[in-house]
Amino acid sequence: MAFRAVMSRRVTNRSSDIGARWMSTWWGNVEPAAKDPILGVTEAFLADPSPSKVNVGVGAYRDDNGKPVVLECVREAERRIAGHSNMEYLPMGGSVKMVEETLKLAYGENSEFIKDKRIAAVQSLSGTGACRLFADFQKRFRPDSQIYIPVPTWANHHNIWRDAQVPQRTFHYYLPETRGLDFASLMDDIKNAPNGSFFLLHACAHNPTGVDPTEEQWREMSYQFKAKGHFAFFDMAYQGFASGDPERDAKSIRIFLEDGHLIGIAQSYAKNMGLYGQRVGCLSVLCEDEKQAVAVKSQLQQLARPMYSNPPLHGALIVSTILGDPELKNLWLKEVKVMADRIIGMRTALRENLEKLGSPLSWEHITNQIGMFCYSGLTPEQVDRLTSEFHIYLTRNGRISMAGITTGNVGYLANAINEVSKSA
């Protein structure tokens, strides 16, 4: 009995040792993830004790005092919602009312596609979620396809299609020498891509460059897409925020619709309603007919189910309340124009301040570009100097968030840019 007990203890101890070794190695191979280049800028800014520090890296609107803004239409919508709704799940496809109002913004108030029920649409977790949902849809139903992404683009686009396991190709977009669009190379890439390719397009206010095609260039692109049978997927994160006019900012999409394309659209209310933390968006896919739209929507919902099951309620209620009420919608249109106009005004002020300093460089691109961001043309080394010498924070690709510029800091920023760019 004693021998048996000793052997039992030895076996138990050996098993415990093996188990402990396995448990200690479950996550031993996990290395810290690389810091997000954009979020890392904000972290560095917050850690800087300098009273003169400036953050022009954040991709969120600020007023002329550098403070976050909640729109009055949003506050009023919240007052109307408070105490009048339950906390039940939304359907997998989200708020029907919110989706309906969102489609009107993209496709047009009196769109035939909406009337004919040809659009498969679901509420998404802002624009990021809409892109990811479409990327997974593309992978599932076009498994041999790839996505063409502009150079440069919002960095997360690459992450989204990579994690959906969709192969990526790139196409020319920005021309550093002119700080503008490389339209000739862009058109060559569209022509040379295999027939029936998927292309990711920024509908307006291209992030990070602020460079958009002209209306005529959009028409040429649409014609070439039709000739090649390409599929255009529009990421529209800035409708209304770019020019102050949601209709004008949707012009690229309307051109493709007029030309008979079947397209996909990711929409977001982060920027144009300031609903950053509410994560409200929409994914839509224009289909050949109502039957196809029903099938596509069912599959989009099927993809959403294991991801997050149902989208959040509160932000969708805010959007549907604002867009569904003529008074509140008009207030939103006024407020979004105020935001857009402030950004446009800061572009003019920054350029004028740089020119007053006698800079020999051309700064026309600051006012030629549109939207929240300006692709300044500053090199990574010049950006490093802005941070180390002047406590000005932005991403190393030279992208300036115009929302971080105020009447109080624009002169300081211009002086610093002038100093570091003298070596250019």
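Heavy atoms only, 1.4 Å probe, whole protein assembly: order Met87, Met339 by accessible area, highest first. It would help to have the intermediate numbers written out before the result.
Numbers: Met87 160, Met339 10 Å².
Descending order: Met87, Met339.
Counting 0.36 nm for each residue step from Lys422 to Gln146 and taking away their Cα separation leaves a gain of 95.1 nm.
Which semi-axes, in whole Å and largest first, does the equivalent ellipsoid of segment 33-77 have when worked out from the alpha carbon gyration tensor as the square roots of 5 times its eigenvalues?
26, 16, 8
Taking a Cβ cut-off of under 15 Å around Gln302, the surrounding Lys, Arg, Asp and Glu residues balance to a net charge of +4, with basic ones at +1 and acidic ones at -1. Taken along the Cα-to-beta-carbon direction at a fixed 7 Å, the label points for Arg79 and Gln299 span 4.6 nm. Near the amide H of Ile263, within less than 5 Å, lie the amide hydrogens of Leu286, all on another chain or at least 5 residues away, with H placed in the peptide plane. Annotation: extensible slack from Asp116 through Ala184 equals 20.8 nm (criterion: 0.36 nm per residue apart, minus Cα-Cα distance). Of the three principal axes defined by the Cα atoms of segment 361-424, the extents in descending order read 27, 24, 19 Å. Ranked from largest to smallest solvent-accessible area, with a 1.4 Å probe on the protein heavy atoms, Trp26, Trp154 come out as Trp26, Trp154.
With coordinates expressed along the principal axes, the C-alpha atoms belonging to segment 60-204 extend over 56, 44, 33 Å, beginning with the largest. Highest mean packing comes first when the peptides 194-206, 74-86 are listed by Cβ atoms within 10 Å, giving 194-206, 74-86. Phi-derived couplings, Karplus 6.51 cos²θ - 1.76 cosθ + 1.60 at θ = phi - 60°, listed residue by residue for segment 205-210: 6, 3, 10, x, 8, x Hz, with x used for Gly and Pro. For segment 250-337, the equivalent ellipsoid built from the Cα gyration tensor has semi-axes of 25, 20, 11 Å, listed from largest to smallest. With each label modelled as a point 7 angstrom along the Cα→C-beta vector, the Asp384-Lys67 pair spans 3.8 nm.
Can you check what the net charge comes to around Met221, using other residues whose Cβ is under 14 Å from the Cβ of Met221 (Lys, Arg +1; Asp, Glu -1)?
On the way: positive: Lys191, Arg219, Lys226, Lys228, Lys251, Arg254; negative: Asp182, Asp188, Asp189, Asp212, Glu215, Glu216, Glu220, Glu258, Asp259.
Computed value for this residue: -3.
Placing one equal scatterer on every Cα of segment 268-424 and applying the Debye formula, the log10 ratio I(q)/I(0) at q = 0.08, 0.13, 0.16 Å⁻¹ is -0.40, -0.79, -0.94. For the chain, give the percent of accessible area contributed by carbon and sulfur heavy atoms, probe 1.4 Å, rounded to a whole number. Whole-percent figure for carbon plus sulfur exposure: 53. Distance from the C-alpha centroid of segment 288-335 to that of segment 243-286: 12 Å, rounded to the whole angstrom.
Per residue, segment 106-196 exposes 48 Å² of accessible surface when a 1.4 Å probe is rolled over the protein heavy atoms with every protein chain present. Distance between the 7 Å Cα→Cβ label points at Tyr89 and Val338: 4.0 nm. Around the Cα centre of the chain, unit charges on the Cβ atoms of Lys, Arg, Asp and Glu (plus for the first two, minus for the last two) sum to a dipole of about 1720 debye. One entry in [x] 1.06; [y] 1.28; [z] 0.98 is Rg/Rh (Cα atoms, Kirkwood Rh) calculated from the shown coordinates; its label is [x]. Computed from backbone phi with θ = phi - 60° and the Karplus coefficients 6.51, -1.76 and 1.60, the 3J(HN,Hα) list for segment 159-169 is 4, 5, 6, 5, 5, 7, 6, 9, x, 10, 10 Hz; x is used for glycine and proline. Seen from Ala77, the other residues with C-beta closer than 14 Å to its C-beta sum to a net charge of -2, counting Lys and Arg as +1 and Asp and Glu as -1. For a paramagnetic label modelled at 7 Å from the Cα of Glu290 toward its Cβ, which residues of segment 83-121 fall within the zone defined by backbone nitrogen distances under 19 Å? Those under the cut-off are 96-97, 100-101, 103-104, 110-121. 3J(HN,Hα) along segment 315-323, derived from phi through the Karplus expression 6.51 cos²θ - 1.76 cosθ + 1.60 where θ = phi - 60°, amounts to x, 5, 5, 4, 4, 5, 5, 5, 6 Hz, with x in place of Gly and Pro.
The values are calculated or read from the model by the stated rules, or taken from the named source; none is laboratory data. Everything numeric here is computed off the predicted structure, so don't read it as measured data. All Cβ positions, glycine included, derive from the backbone under ideal geometry; neighbour counts span all protein chains shown. Protein only, heavy atoms only, side chains kept; ligands, DNA and RNA dropped before computing areas. Shrake-Rupley method; radii C 1.70, N 1.55, O 1.52, S 1.80 Å.
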